[in-house]
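Participant: Got a structure for you, questions after.
Bear in mind these aren't lab numbers, they're just calculated from the coordinates by the rules spelled out. It should be emphasised that the depicted structure is a prediction, and the values quoted were computed from it without experimental measurement. Counting neighbours? That spans all protein chains shown, and the Cβs are built from the backbone with ideal geometry, glycine included.
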């Protein structure tokens, strides 16, 4: 993802430092030099992926950022590990923070996910180009694939929750969300999250290190897998027969 997080490959930190000390050097030259050093023969493809990720984030409307969409992202533990049941959604602080941005997110999220997935697919293809390269090159690319896939799964969970918030906006105050027709309206959302749980399980199987960063602390991937399995069971009980 190129973030500032210490547990993930973070070219932004180095590029930011270089731009401070060498303000006259074009950013593209800095990025190209960093990619060539860290990814060898896959550098050109990695740079194209970084551009795709930038496009994906720019596809999120500004109104979402202004209305604390970052709060929505920070609360990823609750977003990812609990089923998106109506009562739970209504009580969430981050749900209220993006309430007015829901129409914009409903339109933007599918495009963001599509572009980001395209980037992850290209990163996976780039791994074939690093065969025979140094351990560091292979590790950097592997970490990039994993963490970019991690964020893609976050985006998909967020989109499902935005769909849930949209349904809640249309519910009468005295309506029972667990009764038909509202329960039926939530079923496609629950089913998509079950599929998303499967995606999380497959991703965690490829975790690049024994402990990964989640909830701002190191977490065992096996423990996370158990949490998503519990979420899958909870969602299945909401779906019923």
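Participant: Using only Cα atoms, tell me the angle between helix 102-126 and the longest principal axis of the chain; keep it within 0 to 90° and round to the nearest 10.
Facilitator: 40
Participant: A further question on this structure: Just checking my list (1) 48; (2) 39; (3) 61 against percent of Cα pairs over 25 Å apart computed from this structure; which label fits?
Facilitator: (1)
Participant: With each run of n ≥ 4 DSSP H residues scored as -39500 (n - 2.57), what mean residue ellipticity at 222 nm is computed for the chain after dividing by its residue count and rounding to the nearest 500 deg cm²/dmol?
Facilitator: Dividing the helical sum by the residues of the chain leaves -22500 deg cm²/dmol.
Participant: Counting other C-beta atoms within 10 Å, which of 71, 93 has the fewest, and how do the rest follow?
Facilitator: 93, 71
Participant: Among 192-198, 154-160, what's the highest-first ranking by average C-beta atoms within 10 angstrom per residue?
Facilitator: Top to bottom by mean Cβ count within 10 Å: 154-160, 192-198.
Participant: Based on the mean of other Cβ atoms within 10 Å per residue, sort peptides 31-37, 201-207 so the most packed one is first.
Facilitator: Descending mean neighbour count gives 31-37, 201-207.
Participant: Further question: If I stretch the segment between residue 183 and residue 90 completely, what's the gain in nm (0.36 nm per residue apart, minus their alpha carbon distance), one decimal?
Facilitator: Fully extending the segment from residue 183 to residue 90 adds 32.0 nm.
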